[in-house]
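Down below is the structure, laid out as structure tokens.
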Amino acid sequence: MIHFVLLISRQGKVRLAKWYTQYTVKERTKTIKQVTGAVLSRGPKLCNFLEFGETKLIYKRYASLYFCVGVDQEDNELATLETVHHFVEILDRYFGNVCELDLIFNFHKAYYILDEVLLGGHLQETSKRAIHHVVTEQDALVENAKNG
Amino acid sequence: MAPQEDMVSKGLRKASNAVSKMAGGMLDSAGGLVADGGGKDVFVMQKSLRDIIKGIRTAKDEENAYTNEVLYEIQKEIRTNDPRTKAIALQKLTYLNMFGHSMGWAAFHTVEVMSQDRLSLKHAGYLAAKQSFQDSTEVMVLIPNLLKKDLASSVVFEVGFALDCLANIITPDLARDLVSDVFSLLNSSRAYLRKKAVLVLYKAFLRYPESLRPAFGRLTEKLEDDETSVISSVVAVLCELVIHNPKNYLPLAPTFYKLLQTSTNNWMTIKLVKIFGHMCPLEPRLAKKLVEPITQIMSTTPAKSLLYECICTVTNGMTHINAVCKLAAEKLKDFIVEFDPNLKFLGLRALTKLLPTHPKAVADHKETIFACLQEGDYTIQQTALQLVQGMVTKRNLMDTVTHLVLSMRKADVLFRNDLVASVLQVCGGNRYELLTDFTWYIVVLAELARVPGSTHGKEVGFQLIDITARVEVLREEAVQAMKPLLLDKALLEDKPENCSVGHALKAAAYIVGEYRSFVTSRVEIMRAMLVPQLKNQESVVQEHYIQCVMKLLAAAGTLPIDAPSAPEGEDQEPEAGKSQAPIAVFQIEEVWQMMVTITEQLPVLMRSRHVEVSERACQLMVVVNMLTMVAEQEPDEPIPVLKACMEQLAVLFTEELFPVSSKAQKVPVRRVWTYRHRDLSDQDGDLADDGINKDSAATLLGTKSKKQSRRIEKEARQAYTGHKEKMKEYYLADGPEKPKDQLDNLLNAAKGDKEAIPLPSWATTKKENKLAKDIVMKGDAGFDGQVDGNEDEDVKEATATKDELAYKALGGVDISKPLEEDDMLPTTMAYPQYDPILARERTFMKQHGHHPDVQLGQYGEVIKDTETREERKARHRRERAAKAAKAEEEAAPTPSASGIKREGETREERKARHRSQREEQAAAGLGVDLKVLEAAKKLMKEEKKAKKKQKAKEEKPKKQKDVAAEAEGDEGKKPKKTKAKKALAESADAEPKAKKGKPKKSKKGPEEP
């Protein structure tokens, strides 16, 4: 099970933070700090898995963004990496060549897409098409509501 | 994966001017919202989300100020009645929350926005709730109804929002209130909601476990759902449940098995395989069933994640099936040789798991694993190292260690330390279990000591001493290996690389000092050791160095055993007559050189602020000064004097470490010592306990040759008999003339009866001193007292009346009292022929023909232990009466006879004898406190003076009456006086000893065998 998903820029700024288990505000700040410290200092050709307290930290860098995921010890690291990639692909499809700025200015959309990919720390939909469909459908509804 | 990644990356690298194009949806219209609905609102100029994001990005240095300003605005905006303004403010706040700004204060406003009908507003509210609500949030009580309403909504997305939100913020209360609503959603016609409901149910189970039982049946039914995504969700939930408690879900195994065979979705297959991985250890039959599908998946799947999951399952619960394990090991090799560090790491880790059951399969990939040690990635290196450590056997130990040592050169500091630790652990683990060649290991240790930046110097030092002390044949090599360490001044520099080398150097110094006979270039080593850089090291290192220098100095002058010529090439000054034997050659040059070196370099250490260092340095300096003085006193012929002094000095360090037997190694040595100490302290008082720190190890007592160990055995047996007597507190059977031998016996007894466990020599020295003291007290000729048990009695009988006070002064021992049950007076057996004075006296008596057999009876070994006091008294009385009667009969001849008997003994002599007898008694009073004894003596003297006066008065008339007795004095009177016992007792003051002595002699005579 995934405990948290963090998107961190190369400058150490949080672009997205999603917590699937109970973290108090203090713990959240602390974890973000630790993850940032651990991930940003690592060289490019190193292994993407880190021991992180009771959890495993799995991270992957896409362009200027680090996607960091904290998972249970039993979890499959490779599968987690694939989950991250799955999420990135969906973002890419939705924004059409996604970049960091897209996520900054549309942070709520990023959250919404993430909620469609993961729920309660589990992958809920493996079909990129299905997710894209749902997200666009919802966009349309919101647009209607706004105008109407 | 790779091509897609590239594409994504390219996309992410897009120029920032694309932003305006990209922004869409609600945000875009945020400003518009206000413009639309807020014509009359205060917040016409409300900043949109885009504005504040841009503002923060442009503010740069004043970001905090800008954020505070925005937060202030948000606080105002969020209180407005206009829902849109409120929603936008909340959204901005959510954004700022990502950077750590609290939004707990806006919880109520969040609920307000959540309850809006408009989907766009509701969305913003739910997002804020998901991000900010915690268990402790107070407004939680307000939302169950809201969520209930939304869960029952006809708009799919509203239900979706509610489910998402619930999954994030669920509390036990919320779970209890809403689980039925979520449960009913399992029947929804939309797969979108069914899969979400399934996952939310799991969250509800976690927070409200009572809900699991009723919902479980319906949940498992969903495994046969039409939609893959729903099945996948159910499998994910069940997987989590299985991980927590696999036993409860074993009945579901057939269903999972069916799914595994039909599944086409890799994500789900991974979960299924994981489920089986947890179930297999519990159900062995399952493993057999799984062999076929798992093998098939492993050999066909292109997905590494699935393959890895299968391997994990194999290592978890299918290790008893060889075919699958072999396949797994093969696949793992592909992982390790892979360029991708992730796969490498996972491969190594899986191999570690496989190692305990299939070491051979793992060992096949040894080369690849060794190659991983040189990876740049610390995680991989560590895992590989772990694996290497696990693979070590007796046979490949040297090979492996060589690999590890070679890897150290390329590794960075962190991993280098790990490598050092692993070598020490592998070789030294379990008492050098795997090690076969210790000579080789000493060289390795010397190498490890030099590893820059190593933090394991302490362990290296410990093992060095441990091995050198235990493996006797190794010492020469050890000294040779240690020499370069001591000669290398760079190791003493104050550099971070040398952080722990001091502890290894300390061990090296100890080894060189202790086994100095193997050192070939003592002066060179000493010069290298006494350098100013030594100050950089810890005080304990300096102490060891000084001690080593002292030992080297003690060895100076004699040639090293295997160095036929002086290595320094100095002039040998062989002494006349000794030049033939190379070992005996005394090299005065070497001594001079050493002394010069010490005098030059030591003052720095003498001024050290560490007391121990300065003290040891001063000690050494004093020794050197003394040697110099000795040499100066004989300016013409300094060699013989100096040589004698050096020999004395060498005696200080002659004792060596004693190698402990292999059996003893199983026992923690320290513990044995403690035990041993306690044993000894019974006898020898307070021997402080000291563990095996290096210092005590440095002074271990050692007798080491085989010859000696044989002797020890013999002596131990001897000592055993002695030990019994020792327990009687008076244990000195062999007489005072050989205290050293006895001591040896004792010491060796200590060694002998316990598998030759070495005793710290300080302990033995202490013991030695103590024993020697005891011996002096008991057996010293200077102390003129030795008392027999029965003598006590007699003395008391005769002197009780007057001398009582004196005896009371003897440490409260009242001899006149009958003995208690556990009281023990010394038996004469314990002191056979003990007192030299007694012996002298006896010979004296014999020479003068004074009833030799009777004397024997008085001073001999035989005592009447069995005789009670009353009996003895009665006997004495009887005998005295008999004697008196006899004397009366032979009245005429007796005086002359007695006169003859005592002819040679003058009055002064007799007095001396009496005094000595009394003192013996006092000594036997068992206090054996000399002071008390002294006091007693004084008292007696005074008494005697008094008696003398009295006697002088009495003697005059007596002399006139008894002419025959005139010559002899006291003796002559006896026959007359013995007529009446009372009279005798009354007049006894004058000559108590003589009277007492006589009857005793006569009574003892017949008892002699």
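The values are calculated or read from the model by the stated rules, or taken from the named source; none is laboratory data. Not measured: the values here are computed from a predicted model. Here Cβ is always computed from backbone atoms with ideal geometry, including for glycine, and neighbour counts include all displayed protein chains.
Numbers for the structure displayed
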read-out: Condition met for B:F216 (of a type in the set (F, W, Y), assigned to a helix (DSSP H, G or I) and more than 19 Å from A:Y20 (Cβ to Cβ)); value: yes
read-out: Residue among B:L142, B:L163 that is crowded, with 22+ Cβ neighbours inside 10 Å and either within 12 Å of B:V200 (Cα to Cα) or more than 10 Å from chain A (Cβ to nearest Cβ) (or both); value: B:L163
read-out: Residues satisfying the stated conditions in region B:227-238, i.e. part of a helix (DSSP H, G or I) and more than 9 Å from every other protein chain (Cβ to nearest Cβ); value: B:V230, B:I231, B:V234, B:V235, B:L238
read-out: Qualifying residue in region B:100-114 (condition: modelled with pLDDT under 50 and not in a helix (DSSP H, G or I)); value: no
read-out: Checking B:T264 against (1) of a type in the set (V, I, T); (2) assigned to a loop (DSSP other than H, G, I, E, B); (3) surrounded by 18 or more Cβ atoms within 10 Å (Cβ to Cβ), the condition it does not meet; value: (3)
read-out: Residue within region A:87-100 that is of a type outside the set (K, R), in contact with a Ser or Thr (Cβ under 6 Å, 6 or more places away or on another chain) and within 9 Å of another protein chain (Cβ to nearest Cβ) present; value: yes
read-out: Check on B:P246, more than 28 Å from B:F157 (Cα to Cα) and not hydrophobic (A, V, I, L, M, F, W, C); value: yes
read-out: Residue within region B:389-403 that is assigned to a helix (DSSP H, G or I), within 30 Å of B:I275 (Cβ to Cβ), away from chain A (no Cβ under 14 Å) and touching a Ser or Thr at 6+ places or on another chain (Cβ under 9 Å) present; value: yes
read-out: Looking only at region A:101-116, and only at residues there that are more than 7 Å from chain B (Cβ to nearest Cβ) and not small (G, A, S), the one that is surrounded by the fewest Cβ atoms within 10 Å (Cβ to Cβ); value: A:L114
read-out: Any hit, region B:334-344, residues being charged (D, E, K, R), at pLDDT 90 or above and over 33 Å from the mean Cα position of the chain (by Cα); value: yes
read-out: Within region A:11-31, tally of residues that are without any contact (Cβ under 8 Å) to a residue 40 or more places away in the chain, facing another protein chain (nearest Cβ under 9 Å) and not polar (S, T, N, Q); value: 7
read-out: Odd one out for B:T654 among (1) within 29 Å of B:R470 (Cβ to Cβ); (2) at pLDDT below 65; value: (2)
read-out: Single unsatisfied condition, B:M45 versus (1) over 60 Å from the mean Cα position of the chain (by Cα); (2) crowded, with 17+ Cβ neighbours inside 10 Å; (3) at pLDDT 50 or above; value: (2)
read-out: Test: residue in region B:211-225 that is under 28 Å from B:M298 (Cβ atoms) and surrounded by fewer than 15 Cβ atoms within 10 Å (Cβ to Cβ); value: yes
read-out: Subset of region A:117-135 (residues that are touching a residue at least 24 places away in the same chain (Cβ under 8 Å) and more than 8 Å from chain B (Cβ to nearest Cβ)); value: A:V117, A:L118, A:G121, A:K128, A:I131, A:H132, A:V135
read-out: Residue in region B:309-344 that is farthest from the other protein chains (Cβ to nearest Cβ), counting only those that are of a type in the set (S, T, N, Q) and assigned to a helix (DSSP H, G or I); value: B:N322
read-out: Single residue of region A:48-64 satisfying the filter (crowded, with 22+ Cβ neighbours inside 10 Å and not aromatic (F, W, Y)) that is nearest to the other protein chains (Cβ to nearest Cβ); value: A:N48
read-out: Region B:145-160: number of residues that are aliphatic (A, V, I, L, M), part of a helix (DSSP H, G or I) and within 11 Å of chain A (Cβ to nearest Cβ); value: 1
read-out: Any hit, region B:175-183, residues being within 13 Å of chain A (Cβ to nearest Cβ) and in a helix (DSSP H, G or I); value: yes
read-out: Number of the condition not met by B:T379 [criteria: (1) under 30 Å from A:R42 (Cβ atoms); (2) at pLDDT 90 or above; (3) touching a Phe, Trp or Tyr at 6+ places or on another chain (Cβ under 9 Å); (4) of a type in the set (V, I, T)]; value: (2)
read-out: B:S229 being without any contact (Cβ under 8 Å) to a residue 40 or more places away in the chain, touching a His at 6+ places or on another chain (Cβ under 8 Å), crowded, with 20+ Cβ neighbours inside 10 Å and closer than 22 Å to B:N265 by Cα; value: no
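Here's the yes/no breakdown for (1) at the interface with another protein chain (Cβ under 9 Å from one of its Cβ atoms); (2) surrounded by fewer than 20 Cβ atoms within 10 Å (Cβ to Cβ); (3) over 18 Å from B:L142 (Cα atoms):
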| position | (1), (2), (3) |
| --- | --- |
| B:V70 | no, no, yes |
| B:D82 | no, yes, yes |
| B:I88 | no, no, yes |
| B:Q91 | yes, no, yes |
| B:H101 | no, yes, yes |
| B:T110 | no, no, no |
| B:D117 | yes, yes, no |
| B:S120 | yes, no, yes |
| B:A129 | no, no, no |
